[in-house]
Amino acid sequence: MTRYFENIGKVTLANLLYCIPLAVFLGIVMLIFMVSGEMNLLGASVVIPLMSPFTAGLMYICGKLTAKREIQPYRDFIKGIKENWKFFTVNGIVVYIVSLGLYVTLAYFRENLDKPMVIFYLIMSLLAGLFFLFMELSMVTMAVSVELKVSELLRNSVMLVTVGILQHLKTLVWLLFIMAVVTSVLLMSNSWIIFFVVLGVITLLFLPVLLSYICIYNSYQTIEKAVIKPYAEEKRKTDIKKELAENEKTITIEELEMLSKGDKDEYVSLKGRMVKRSTVIKMLETKKNIQNNIDDI
């Protein structure tokens, strides 16, 4: 949490940027409720998919903060939205549908606890919801931390449910703790006016960005080891192969023959890059084969 408090000014600004569209959407929802005369949690939850693109901007900032990179609140918020709004919008719709389904399922089970097997189905539903939550924690973190295809995000997030189980549980405990503290503060309010004023101040100052940072910070620890570092290493190897392929076009057979003499495991300098002599020998063989084919023509 040190990085969070070291950048508290920038983090608070990012939170305020997020709260602008949040206030607009909540205002529209409340207005609809006032006109219709009905208020329900499911209707208010539609804010989740509506806020998804802006959540991408906030998550992007938290991702940079976790990765110990310099953040520029406004620029990074906009960049996070531009680069990730499609994925986060679809993901937000999925989260809303799953949450709605889980809510209906739990409500049904609660009213039918006297029926056989209901407890078993209730436990299975809760475990499925927990599995989905842990997938989400990894998936949104990867979405703002590393460039991967959607299929790779899904595959890695399933794998990270078990690999990062301890970090996920830590996130869950922190989220429950913060929500318990916030709820306790709100319950001390003597009137609805004070309740909404306190909730508004808490939300404006830190709540969305703090929850986002906790989610990303804990998930990032596992993702860095299991995904980001292997991905970076694979990219480095790919870049080296491309560079060697380019060098192979410009270097002559005579130069390769000079470098190929000696211990195969020894490193030599090839166009400014250190490579094993065995790699030089392979390049020499390839170049000779190409040259022989040209001569045959």
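Does LYS86 satisfy being among the basic types (Lys, Arg) and closer than 30 Å to GLU147 by Cα? Answer is yes for this residue. Listed by first and then second residue, the pairs linking a residue in the range 116-131 that is closer than 25 Å to MET159 by Cα to a residue that is surrounded by 14 or more Cβ atoms within 10 Å (Cβ to Cβ) and of a type in the set (Phe, Trp, Tyr), with Cβ atoms under 9 Å apart and 6 or more places separating them unless they lie on different chains, are TYR121/PHE109; LEU122/PHE109; SER125/PHE109. In summary, LYS115 fulfils each of the numbered conditions (1) assigned to a helix (DSSP H, G or I); (2) over 23 Å from LEU210 (Cα atoms) with the single exception of condition (1). Looking across the range 104-132, just one residue is among the hydroxyl-bearing types (Ser, Thr, Tyr) and under 25 Å from the mean Cα position of the chain (by Cα), and that is SER125.
On the basis of being under 30 Å from GLU234 (Cα atoms) and in contact (Cβ under 8 Å) with a residue 40 or more places away in the chain, does VAL95 make the cut? When the stated conditions are applied, VAL95 does not pass them. For ILE71, the conditions (1) of a type in the set (A, V, I, L, M); (2) under 22 Å from PHE206 (Cα atoms); (3) assigned to a helix (DSSP H, G or I) are fulfilled apart from (3). Considering the conditions (1) at pLDDT below 80; (2) under 30 Å from MET59 (Cα atoms), GLN221 is excluded by exactly one of them, (1). Could we say that GLU38 is in the same structural domain as VAL104 (by TED's automatic domain parsing), part of a loop (DSSP other than H, G, I, E, B) and either in contact with a helix residue (DSSP H, G or I) (Cβ under 8 Å, 6 or more places away or on another chain) or surrounded by 15 or more Cβ atoms within 10 Å (Cβ to Cβ) (or both) here? Judged against the criteria, GLU38 is not a match.
If you filter the range 102-149 down to residues that are among the charged types (D, E, K, R), within 30 Å of ASP76 (Cα to Cα) and out of contact with any Ser or Thr (no Cβ under 8 Å at 6 or more places or on another chain), you find that the one that is surrounded by the fewest Cβ atoms within 10 Å (Cβ to Cβ) is LYS149.
Yes/no per residue for (1) among the small types (Gly, Ala, Ser); (2) under 29 Å from THR222 (Cβ atoms):
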position: GLU111; (1), (2): no, no
position: VAL118; (1), (2): no, no
position: ILE123; (1), (2): no, yes
position: ALA128; (1), (2): yes, yes
position: VAL140; (1), (2): no, yes
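The values are calculated or read from the model by the stated rules, or taken from the named source; none is laboratory data. What you see is a predicted model; the values in this text were computed from it and never measured. With ideal geometry, Cβ positions are generated from the backbone for all residues, glycine too; neighbour counts draw on all protein chains shown.
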